[in-house]
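The values are calculated or read from the model by the stated rules, or taken from the named source; none is laboratory data. Not measured: the values here are computed from a predicted model. Here the Cβ positions follow ideal geometry from the backbone for every residue, glycine too, while neighbour counts run over all protein chains shown.
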Amino acid sequence: MDWVILFVAGLFEAGFTTCLGMHHNTSGAASVAWFVGFIVCLALSMILLLKATQTLPLGTAYAVWTGTGALLTLIIGIIIFKEPTDFWRIFFICTLIASVIGLKFISN
């Protein structure tokens, strides 16, 4: 169950980075709404990370949390923010995925 909590924490990490990007691309009430979303996602991500680290090793949990968040944020960046998709970017995304999966399998 702690791995599920950690994955959901990573989803909220991607959520707060997406909200941050959208906050910069909007103004007025929309900007405020994205900022509120940023705060909510940030808080939920940290609370879930804290919960997951009660039983998972801290270093592993942090690496998986940041890796999951970074991977999802990168995918969101490509889809929503039209970021580039050259060979090396995709190659290193794949190595990131392999690293996160590897950490999951070698952890207790």
Out of all the residues in the stretch 78-89, is one or more surrounded by fewer than 17 Cβ atoms within 10 Å (Cβ to Cβ), within 10 Å of the chain's Cα centre (by Cα), within 27 Å of LYS104 (Cα to Cα) and at pLDDT below 95? no
Residues of the stretch 1-55 satisfying the condition of being buried (at least 17 other Cβ atoms within 10 Å of the Cβ) and over 27 Å from ILE97 (Cβ atoms): HIS23, TRP34
Could you please give the count of residues in the stretch 71-102 that are in contact (Cβ under 8 Å) with a residue 12 or more places away in the chain and in contact with a Gly (Cβ under 9 Å, 6 or more places away or on another chain)? 11
Counting only residues that are over 18 Å from ALA70 (Cα atoms) and of a type in the set (Val, Ile, Thr), the stretch 14-38 contains a total of 3
